[in-house]
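Trainee: Below: one structure in structure tokens.
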Amino acid sequence: MMATLQLPDSLVSVAWLRQHLEHDDLIIFDASWHMPATGRDGLREWQQEHIPGARFFDFDGKICEPGADLPHMMPNAELFTRELQQLGLKQDSVVVVYDAMGMFSSPRAWWMLRVANHRFGEPGMVSQHLYQAFLHLLWVEHSAFIALLLSGAAMAWLQGWFGQPWLTVKLLLVLAVVLPLELLDIWLGHVRLPRLFHHRHPSRPYSAQESALLDLYHGRLTRIALWVMPVTVILIIWLAVGKAW
């Protein structure tokens, strides 16, 4: 069994790299890229010659935001994770990045890896405990949502509103929009994220999979909810207020 591999510094020597070239945890990225006027192609040069075992880090064509107005933009967590996993990156990998010019384009790949690793801030003992407290407080929100549903159903039954067209539309909005978002929020906030933090040490940087999960919850789900929920709530209130019209 190989000993755990650790980088001696931010920069490594040729001798250190040659000594650990066969280590299972070592991942070498060739991030060569050249200005268009040079007529050189980093991928073609990598195909012709590269450090043994090096994988090509294509931040110009693959590991970038599709359709962006500017080149080399940082992709979303899902795309970044997928591309890096295809290159063989794992949670315990030790990464060395280089380029054909010495230090021209490789700092870009190094920066992208750093950004992805710390997208949600530097993990720490205090921040992790605060975040776990936030997850526990989600029960207050979800309990209030359940109480609101039950009280609304009880009022509709007592007032004899069931069967009214406006109430039918209101219930359809709740079932089609509000309930799915709440169930997804409950699943992520009370199952997936607590399980993630239960098994990780606060000093360890976020893995690509953990970053993708956090991006799903605080990125895409939050953005969707911020757009959809206010519109839905306004429609529900309008239906409730206009029931006597």
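Values quoted throughout were computed directly from the atomic coordinates according to the rules given, and no laboratory measurement underlies them. Computed from a predicted model, the values in this text were never measured in an experiment. So basically every Cβ, Gly included, is an ideal-geometry build from the backbone, and we count neighbours across all protein chains shown.
Trainee: Ignoring everything except DSSP H segments at least 4 long, calculate the 222 nm mean residue ellipticity for the chain; use -39,500 (n - 2.57) per segment, divide by total residues, nearest 500.
Mentor: Details: 10 runs with 122 residues, N = 245.
After summing the helix terms and dividing by residue count, I get -15500 deg cm²/dmol.
Trainee: How far apart, in nm, are the 7 Å Cα→Cβ label points at VAL140 and ARG114?
Mentor: Going by the 7 Å Cα→Cβ label model, 3.8 nm.
Trainee: So who's got an amide H within less than 5 Å of the one on LEU26, skipping anything under 5 residues away but keeping other chains? H placed 1.01 Å off N, in plane.
Mentor: The list, which skips near neighbours in sequence, is VAL94.
Trainee: Could you give the size of the charge dipole of the chain about its Cα centre, using +1 on the Cβ of each K and R and -1 on the Cβ of each D and E, expressed in debye and rounded to the nearest 20? Walk me through the intermediate numbers first.
Mentor: Details: 18 positive and 22 negative charges, 172 e Å.
It works out to roughly 820 debye.
Trainee: Residue by residue through the range 169-182, what is 3J(HN,Hα) from phi via Karplus (6.51 cos²θ - 1.76 cosθ + 1.60, θ = phi - 60°)? Round to whole Hz and write x for glycine and proline.
Mentor: In residue order, the calculated couplings are 5, 4, 5, 5, 4, 5, 6, 8, 10, 5, 4, x, 5, 5 Hz.
Trainee: Quick one: compute the contact order of the chain, relative version, from alpha carbon pairs under 8 angstrom and 6+ residues apart, as a percent. Walk me through the intermediate numbers first.
Mentor: Numbers: 192 pairs, mean separation 50.0, N = 245.
Normalised by residue count, the contact order of the chain is 20 percent.
Trainee: For the chain, which span is the longest to avoid every loop-located (per DSSP) member of GluC sites (Glu not before Pro) having at most 16 other Cβ atoms inside 10 Å?
Mentor: Numbers: sites that count: GLU22, GLU49.
My reading of the result: 50-245 is the longest stretch.
Trainee: Right, here's the next one. Which option, (i) 1.15; (ii) 0.97; (iii) 0.94, is the value of Rg/Rh (Cα atoms, Kirkwood Rh) that was calculated from these coordinates?
Mentor: Here the calculated entry is (i).
Trainee: Against the 2.2 N^0.38 Å scaling, with N counting residues, where does the range 14-117 land? I'd like the Cα-based Rg ratio to two decimal places.
Mentor: Details: Rg = 13.6 Å, N = 104, 2.2 N^0.38 = 12.8 Å.
Its radius of gyration relative to the 2.2 N^0.38 Å reference: 1.06.
Trainee: Could you work out how far the C-alpha centroid of the range 1-61 sits from that of the range 146-182, in angstrom?
Mentor: 59 Å
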